[in-house]
Amino acid sequence: MIVKINRFQGGRYQTQEFELDIPKGVTVLDILMKIKEEIDPSLSFRAMCRASICGTCGVKVNGEPRLACNTRIYQEEVIIEPVDNAEPIKDLVVDQDPLFVRLRRGKVWVVPKGESLPLRPEDLSKTSRSSDCILCGLCDSVCPSLVEDKNFGGPAFFTRAYRVIEDPRNTAVEERIRDLVPFNVQSCVHCNNCNIYCPKGCMPERWITLIEGKLLQRGYIQKKAEDFGFLGF
Ligand code: SF4
Ligand code: SF4
Ligand code: FES
């Protein structure tokens, strides 16, 4: 198998080619581990759980954002690159901090009453797929609105925010909803990229639409002019 890796080193990208004797059907993470262990120990990438849970192993595989640990390769050739919309650090490692900084700024966490009780399955019916988010950031990597508007929270942020405001244990729901105002939910252009590429099927755009509705309902934001069908000249 021919493996091409677009590595970020010394301030620039450089594609390096490896020829591997490896069976088809292995994961991208298996490929990266084999290269690191047997050919080039300097290759940098992130991974922890190997089970689509930790959210650390996002890369671009043949041009599309994927989790390295759950993407199998059956072709003779594969191209692996760092994800888009993120500052590269080294090789395939990008800076994931901006998402976590936004989550902290937006206070996106549950404030339980007294001791924190476990969630029952029926409690999760409202949060449904937003609960499956592993904060891998792949949705952010394909979001055009995050590029255009630096104050936009982004699909990963709003997916976690929805999960938090619909959590029945949360005693700070109204504060949490109000705290979302600075994150420009209306900058979403509803392109659907996040829904298409989320590896966990979380449907981020759906939660963005529902959060926009909650903010409109409370008068924290106003309907956009184009939503009224006005024409611009
Ligand atoms: S919504 Fe999906 S793609 Fe986005 S961070 Fe969560 S799991 Fe990853
Ligand atoms: S639907 Fe909205 S949040 Fe999702 S990728 Fe498109 S602009 Fe970004
Ligand atoms: S290694 Fe944890 S999600 Fe891939």
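The values are calculated or read from the model by the stated rules, or taken from the named source; none is laboratory data. On a predicted model such as this, the values are computed, not experimentally measured, just so you know. Cβ atoms come from the backbone with ideal geometry, glycine included; neighbour counts cover every protein chain shown. Remember, those area values only see protein heavy atoms, side chains included, never the ligands or the DNA or RNA. Shrake-Rupley method; radii C 1.70, N 1.55, O 1.52, S 1.80 Å.
Using a probe of 1.4 Å on the protein chains alone, the accessible area found for I196 is around 110 Å². Applying the criteria of a DSSP loop state and at most 14 other Cβ atoms within 10 Å to the GluC sites (Glu not before Pro) of the stretch 1-93 yields E76. Per residue, the Cα convex hull of the stretch 9-108 amounts to 113 Å³.
Quick one: net charge of R50's neighbours, Cβ under 15 Å, K/R +1, D/E -1?
+3
Counting Lys and Arg as +1 and Asp and Glu as -1 over every other residue whose Cβ lies under 14 Å from the Cβ of V147, the net charge comes to -4. Modelled spin-label separation between K150 and R218, with each label point placed 7 Å from Cα along the Cα-to-Cβ direction: 2.7 nm. Across every pair of non-identical alpha carbons in the chain, the mean reciprocal distance, once inverted, gives a Kirkwood radius of 19.3 Å. Sparsely packed loop sites in the stretch 61-129 (the chymotrypsin sites (Phe, Trp or Tyr not before Pro) outside DSSP H, G, I, E and B with at most 13 other Cβ atoms within 10 Å) comprise Y74.
Which GluC sites (Glu not before Pro) in the stretch 80-152 pass both tests, a DSSP loop state and at most 16 other beta-carbon atoms within 10 Å?
Hits after loop and neighbour filter: E115.
Given charges of +1 on the Cβ of Lys and Arg and -1 on the Cβ of Asp and Glu, with all other atoms neutral, how large is the dipole of the chain about its Cα centre, in debye to the nearest 20?
Numbers: 32 positive and 32 negative charges, 170 e Å.
Dipole size: approximately 820 debye.
Which one of R120, R169, R66 has the biggest mean-square fluctuation once the chain is modelled by GNM with Cα springs under 10 Å? Its mean-square fluctuation being the largest, the pick is R120. Computed from the C-beta positions of N195 and V101, the FRET efficiency with R₀ = 22 Å rounds to 0.35. Full extension of the segment from L20 to N184, taken as 0.36 nm per residue of separation minus the current Cα-Cα distance, would add 54.4 nm. With +1 on each Lys and Arg Cβ and -1 on each Asp and Glu Cβ, how big is the dipole of the stretch 11-70 about its Cα centre, in debye rounded to the nearest 20? It works out to roughly 340 debye. Relative contact order for the stretch 2-94: what percent, with Cα pairs under 8 Å and sequence separation of 6 or more? Relative contact order of the stretch 2-94: 35 percent. Take every pair of alpha-carbon atoms less than 8 Å apart whose residues are at least six positions apart; their mean separation over the length of the chain yields a relative contact order of 17 percent. Counting only lysines at least 8 places from K126 when in the same chain, those with an alpha carbon closer than 28 Å to its own are K107, K113, K200, K214, K223, K224.
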